[in-house]
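One structure is given below, encoded as structure tokens.
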Amino acid sequence: MPAPAGITVHHLPTGTYETRAALAVQGGSWRDKRQFAASAVLVRHPDGDLLIDAGFGSSLAQHLALLPRYRRAPHELGRTAADQLDAAGYDRSRLLGVVLTHTHWDHVSGLDGLGGTPVWINQDELRYATSEPDGDVFRHVSRGHELHEYAFDNGAHLSFPASHDVHGDGSVVIALAGGHTTGSVIVFVTATSGRRYAFIGDLTWQLDGIRRGAERPWLMRKLADVDPTRVHQGLQRMIALDGTLQIVPAHDLAAYDGIPTLLPAAHA
């Protein structure tokens, strides 16, 4: 079914942080430094817009201080998602909420500038975020936000067994992937142009995971994933879909190629 008119997708890059390829993908080199993206994505829809993740926020230094020292990578802060929306003259009252692919720090930091915007989260991820040490930043930045809890009430979608159709028209579908965190999700989007996207969060950190099936190194799977087996299953499902849509691992800058950014109001 074709997507309704007026659905567009925009990349809001908010900064990067540095990770050695050897820690990112199997077979990666210690000499290869990867600049991991920290981004939000704006999905415009006639019935209300959504942000997918929030990227870095203006209080990033404070958020990093909540992390163990070994996780504080060198980083570069760009313009926050809130700043980019405001510079484009965007009417924030159109935002239905921020859909989190999961609640790790580099996906939620930017909530600090989006006060009043509901946070969309499923029950499994909310339980994870409120009980695990990895939820420290989420618990800090989500104060004052309404938590909009959605259910997976629409059955299977593109081989993922449970989903939620946001608008009821198939244009924005949240599918449960799980494994990286308990309730981590993939957001499938179909734009009016016919372009199809899968925003897969941290199912894999880099396109290497899709293009050559390179998973996280063994140690990082143990440290980063609550259920590596589920991550593997989800990754295989996405590899099978490669070529039918644009697959966007959250932290691979190249994966966002072709997705326009927001123009400042004077140029829009």
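The values are calculated or read from the model by the stated rules, or taken from the named source; none is laboratory data. Note that the structure is a prediction, hence the values are computed from the model and not measured. We place every Cβ from the backbone using ideal geometry, glycine too, and count neighbours over all the protein chains shown.
Looking at segment 233-255, which of its residues are farther than 17 Å from His157 by Cβ, in a helix (DSSP H, G or I) and of a type in the set (Gly, Ala, Ser)?
Ala254, Ala255
For segment 118-135, which residues satisfy the criterion of being acidic (Asp, Glu) and either buried (at least 21 other Cβ atoms within 10 Å of the Cβ) or under 18 Å from Leu64 (Cα atoms) (or both)?
Glu125, Glu132, Asp134
Would you point out the residue of segment 242-263, among those that are surrounded by 12 or more Cβ atoms within 10 Å (Cβ to Cβ) and out of contact with any strand residue (DSSP E or B) (no Cβ under 7 Å at 6 or more places or on another chain), that is nearest to Ala40 (Cα to Cα)?
Residue satisfying both the conditions and the ranking: Leu263.
When the residues of segment 65-83 are filtered to those that are farther than 23 Å from Leu147 by Cα and in a helix (DSSP H, G or I), which remaining residue is modelled with the highest pLDDT?
Arg69
Could you tell me whether Asp153 is among the acidic types (Asp, Glu) and crowded, with 16+ Cβ neighbours inside 10 Å?
No.
Could you please find all residues in segment 1-33 being buried (at least 21 other Cβ atoms within 10 Å of the Cβ) and of a type in the set (A, V, I, L, M, F, W, C)?
Within segment 1-33, Ile7, Val9, Leu12, Ala24, Val25 meet the criteria.
Hey, does segment 38-55 have a residue that's surrounded by fewer than 22 Cβ atoms within 10 Å (Cβ to Cβ), among the charged types (D, E, K, R) and at pLDDT below 95?
no
Tally up the residues in segment 220-236 that are surrounded by fewer than 17 Cβ atoms within 10 Å (Cβ to Cβ) and in contact with a Leu (Cβ under 8 Å, 6 or more places away or on another chain), please.
Matching residues across segment 220-236 total 0.
Only one of these conditions is not met by Ala175: (1) surrounded by fewer than 23 Cβ atoms within 10 Å (Cβ to Cβ); (2) touching a strand residue (DSSP E or B) at 6+ places or on another chain (Cβ under 7 Å); (3) small (Gly, Ala, Ser). Which number is it?
Going through the list (1) surrounded by fewer than 23 Cβ atoms within 10 Å (Cβ to Cβ); (2) touching a strand residue (DSSP E or B) at 6+ places or on another chain (Cβ under 7 Å); (3) small (Gly, Ala, Ser), Ala175 breaks only (1).
Hey, among the residues in segment 80-95 that are in contact (Cβ under 8 Å) with a residue 60 or more places away in the chain and buried (at least 17 other Cβ atoms within 10 Å of the Cβ), which one's farthest from Val185 (Cα to Cα)?
Per the stated criteria, the residue is Ala88.
Hey, among the residues in segment 106-137 that are part of a helix (DSSP H, G or I) and touching a Lys or Arg at 6+ places or on another chain (Cβ under 8 Å), which one's farthest from Arg72 (Cα to Cα)?
Of everything passing the filter in segment 106-137, Thr130 is farthest from Arg72 (Cα to Cα).
When Leu223 is evaluated against the numbered criteria (1) outside any helix (DSSP H, G or I); (2) at pLDDT below 95, which criterion, by number, is the only one it fails?
(1)
Among the numbered conditions (1) touching a His at 6+ places or on another chain (Cβ under 6 Å); (2) among the acidic types (Asp, Glu); (3) closer than 23 Å to Ala191 by Cβ, tell me where Asp225 comes up short.
Just one mismatch for Asp225, condition (3).
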